[in-house]
1. In terms of modelled amide H atoms, which long-range or inter-chain residues lie less than 5 Å from the amide H of residue 292?
2. Provide, in order from the shortest bin, the percent of all Cα-Cα pairs of the stretch 76-162 in each 5 Å bin, continuing until the bin that contains the maximum pair distance.
3. Would you please name the trypsin sites (Lys or Arg not before Pro) within the stretch 188-239 that are DSSP coil residues with at most 16 other C-beta atoms within 10 Å of their C-beta?
4. For residue 89, what is the net charge nearby, where nearby means another residue's Cβ is under 12 Å from its Cβ and Lys, Arg count +1, Asp, Glu -1?
5. Leaving out ligands and nucleic acids, and using a 1.4 Å probe, what accessible area per residue does the stretch 124-283 come to in Å²?
6. For the stretch 72-226, what does the equivalent ellipsoid look like in terms of its semi-axes, each the square root of 5 times an eigenvalue of the Cα gyration tensor, given largest first in whole Å?
7. What is the packing order of peptides 102-110, 243-251, taking the mean over residues of other C-beta atoms within 10 Å and listing the highest first?
8. Report the label-to-label distance for residue 145 and residue 224 in nanometres (one decimal), using points 7 Å from each Cα along the Cα→Cβ vector.
Amino acid sequence: MKKSVKTAIIAGVLVLLTVAACILIKKTGSNNKMGAGMGRGRGAGGNSVVTVRSELLQFETLNDFMITNGEVESQSAIEVYPSMSGKISSVNVTLGSHVEKGDVIAYVDPSEPGSNYAKSPVVAPISGSIVSSPAKVGAKVSTTSAFTMIGDIENLQISASVPERYIAELKTGLKAEITLEAYPGVIFNASVSRVSPVVDKNSRTKEVILNFDKKDSRVNAGMFAKVKLYTSKYSGYVTVAKDAVVQDDQQSYLFIVNDDYTVSKRTVKLGKAVDSRVQITDNVMEGERAVVEGMLSLADGSSVNDIANPRPVEKETSAGEGNENPVKESSSKPASGEGAGAGDAKPAETSAGKTKAPEGKK
């Protein structure tokens with residue numbers, strides 16, 4: 001009896017295993033079909049048309065640059081020192097005042113408690129304008145402390161400090177674009193006129209002096225300037241937008257649009273990069289078109305719709321076009337026995353190119 005129960009249990013387990021195996025095999029087959037279907041779908045997708053934007057590859061010179069800060073100042077300026085120490089008793093000028101050489105711009109009282117001395121005048125050593133705020137009345141000054149600065153505000157320059165890592169590219173004549181906070185969006189052109197021969201050991205920078213290419217009354221001494229200094233030029237190669245380059249396995253690729261509006265995935269080498277542009281030094285030619293938008297949806301050989309260079313539209317031939325040749329007259333003579341009128345009658349041509357019997361003939 002126990003043996004029969006065991007046998008029944010084993011048989012039931014085998015049946016269950018068999019059913020489970022059948023279900024598993026059925027599901028596996030179904031998944032394989034779905035996978036095959038998805039593969040075919042991807043293949044079909046590969047043959048679908050992808051909308052992209054391309055740009056023409058052309059030779060372009062890239063201008064490298066660095067950005068630093070500067071200050072607008074007078075080209076020629078001199079500090080003014082009093083001839084005696086003491087307290088400033090009066091000031092005759094303000095910031096921006098014009099002075100002539102020899103003008104008295106302030107008085108210093110050298111008197112001490114218990115002694116009384118004549119006031120000492122502070123005289124302008126050159127003609128120009130006051131370009132730094134003079135000391136205030138009552139302030140103590142000495143022969144080693146500057147009272148103010150006089151400069152020529154008609155001829156201005158920019159003093160800027162350039163980090164040490166850029167000094168190998170510094171030289172006179174470099175072009176720069178100057179922007180001022182007072183005039184956002186306005187560019188003032190300047191050129192490097194002098195490069196300091198030494199590096200400041202504290203700031204690790206070199207001072208450069210830039211002169212404006214032309215005078216502009218809007219520019220004033222003391223203004224804060226943002227300097228965009230162009231340092232190097234890179235030429236000799238075609239360029240493309242950086243975003244067009246696809247990186248994969250430490251290699252760089254471009255998708256080139258072919259004449260049949262398919263794309264070729266090409267391995268390329270990159271050159272110098274400035275801002276959003278980069279040089280392509282190998283495996284492309286000037287005049288080819290590279291995909292710059294939509295390349296992440298592409299594979300080698302994909303068909304594309306290039307919105308920057310649309311495919312030419314083919315003209316459809318209308319029905320009947322090209323069949324405009326007139327029906328030639330028959331040169332055959334009428335059969336014998338027919339009347340002369342019937343023989344002389346010519347077939348009438350219709351608009352459809354067919355003929356109909358002449359009137360009167362049945």
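1. Under 5 Å from the amide H of residue 292 lie the amide H atoms of 53, 54, 55, each far enough along the sequence or on another chain.
2. Result, from short to long distances: 3, 15, 25, 22, 15, 9, 6, 3, 1, 1, 0 percent.
3. On the way: sites: 194, 201, 204, 206, 214, 215, 218, 226, 228, 233; in loops: 201, 204, 214, 215, 218.
Passing sites in the stretch 188-239 are 201, 204, 214, 215, 218.
4. On the way: positive: 87, 119, 136, 140; negative: 109.
Result for the neighbourhood of residue 89: +3.
5. Details: 8810 Å² over 160 residues.
I get 55 Å² per residue for the stretch 124-283.
6. They are 37, 18, 12 Å, listed largest first.
7. Working: 102-110: 18.0, 243-251: 11.4.
Put in order of decreasing packing, that is 102-110, 243-251.
8. Roughly 2.8 nm, to one decimal.
The values are calculated or read from the model by the stated rules, or taken from the named source; none is laboratory data. What you see is a predicted model, and the numbers here were worked out from it, not measured in a lab. Note that we place each Cβ from the backbone using ideal geometry, even for glycine, and neighbour counts take in every protein chain shown. Ligands, DNA and RNA are stripped out before the accessible areas are found, and what is left, the full protein with its side chains, is counted by its heavy atoms. Shrake-Rupley method; radii C 1.70, N 1.55, O 1.52, S 1.80 Å.
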